[in-house]
Amino acid sequence: MGLLSKLFKDGGADALNALKSAAQEVINEAAAKKPAAQPAPQAAPVNRAGSDKWGDTMPAQENQFSFAGTYVQYFETVFREAFPAYRLDTAAGADRRSTVITFWQDNRQALVVELKSEKSSAQKLRRDCAAAGIPYLRFYYDHHGWWNTRTYVVERTRRALNG
């Protein structure tokens, strides 16, 4: 008798059962080696306290990253809403990588705010303001973990305007 007739001598039931058993073992081994399912990615965690100005967790309070617009639009909006008595002028900085927002009261420069990259080491505008006696502030728009929350921006700006 040949090999096939030996395998199928009882109609192939023993061979079929052996194949099923072997297949089930392969499936079980593969399942055991499979890594556990990863949870679905979630949005960045939100700090519900809402007052933190920096950290790895986005505050619930409005900030430049949760604002529906550019960081320049965010700062302009915050400044206009919090300080309506001042006229604001926005212009590109001398290096074209920064933005300068000047607060005017009547015909006097009351404050100069520079929005710049943390990578910039430019100091000219700060020195020019100091020499002219004009208050100066800077906010970094790309510093990791620094959110520029509304409260933080308003508090710093109010202190600078009040001298």
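The values are calculated or read from the model by the stated rules, or taken from the named source; none is laboratory data. All of these numbers come straight from a predicted model, not from anything done at the bench. All Cβ positions, glycine included, derive from the backbone under ideal geometry; neighbour counts span all protein chains shown. Calculation scope for accessible area: heavy atoms of the full protein, side chains included, ligands and nucleic acids excluded. Shrake-Rupley method; radii C 1.70, N 1.55, O 1.52, S 1.80 Å.
Please state which one of Ala122, Ala94, Ala85 is in contact with a helix residue (DSSP H, G or I) (Cβ under 8 Å, 6 or more places away or on another chain) and assigned to a loop (DSSP other than H, G, I, E, B). I'd like the intermediate steps shown before the answer.
Working: Ala122 fails: in contact with a helix residue (DSSP H, G or I) (Cβ under 8 Å, 6 or more places away or on another chain); Ala85 fails: in contact with a helix residue (DSSP H, G or I) (Cβ under 8 Å, 6 or more places away or on another chain).
Testing whether each residue is in contact with a helix residue (DSSP H, G or I) (Cβ under 8 Å, 6 or more places away or on another chain) and assigned to a loop (DSSP other than H, G, I, E, B) leaves just Ala94.
Taking the conditions exactly as written (in contact with a Leu (Cβ under 8 Å, 6 or more places away or on another chain) and either at pLDDT 95 or above or open to solvent by less than 20 Å² (accessible area, probe 1.4 Å) (or both)), does Val153 satisfy them or not? So Val153 fails the test.
In the stretch 109-133, of all residues being buried (at least 17 other Cβ atoms within 10 Å of the Cβ) and not charged (D, E, K, R), the one that is nearest to the chain's Cα centre (by Cα) corresponds to Leu115.
Table: residues versus (1) at pLDDT below 95; (2) out of contact with any strand residue (DSSP E or B) (no Cβ under 6 Å at 6 or more places or on another chain).
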| site | (1), (2) |
| --- | --- |
| Gln61 | yes, yes |
| Thr77 | no, yes |
| Glu81 | no, yes |
| Arg87 | no, no |
| Ala91 | no, no |
| Ala94 | yes, yes |
| Gln105 | no, yes |
| Ser121 | yes, yes |
| Tyr136 | no, no |
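There is at least one residue in the stretch 142-153 that is within 17 Å of Leu88 (Cβ to Cβ), in contact with a Phe, Trp or Tyr (Cβ under 8 Å, 6 or more places away or on another chain), in contact (Cβ under 8 Å) with a residue 60 or more places away in the chain and in a helix (DSSP H, G or I).
Those residues that are within 14 Å of Leu161 (Cα to Cα) and open to solvent by 50 Å² or more (accessible area, probe 1.4 Å), I need them from the stretch 87-98; list them, please. Arg87, the sole residue that qualifies. Could you list, in sequence order, all residues of the stretch 99-108 that are assigned to a strand (DSSP E or B), surrounded by fewer than 20 Cβ atoms within 10 Å (Cβ to Cβ) and of a type outside the set (D, E, K, R)? Of everything in the stretch 99-108, those that are assigned to a strand (DSSP E or B), surrounded by fewer than 20 Cβ atoms within 10 Å (Cβ to Cβ) and of a type outside the set (D, E, K, R) turn out to be Val100, Thr102, Trp104, Gln105. Each residue in the stretch 66-75 was checked for being surrounded by 15 or more Cβ atoms within 10 Å (Cβ to Cβ) and farther than 17 Å from Leu88 by Cβ, and 1 pass.
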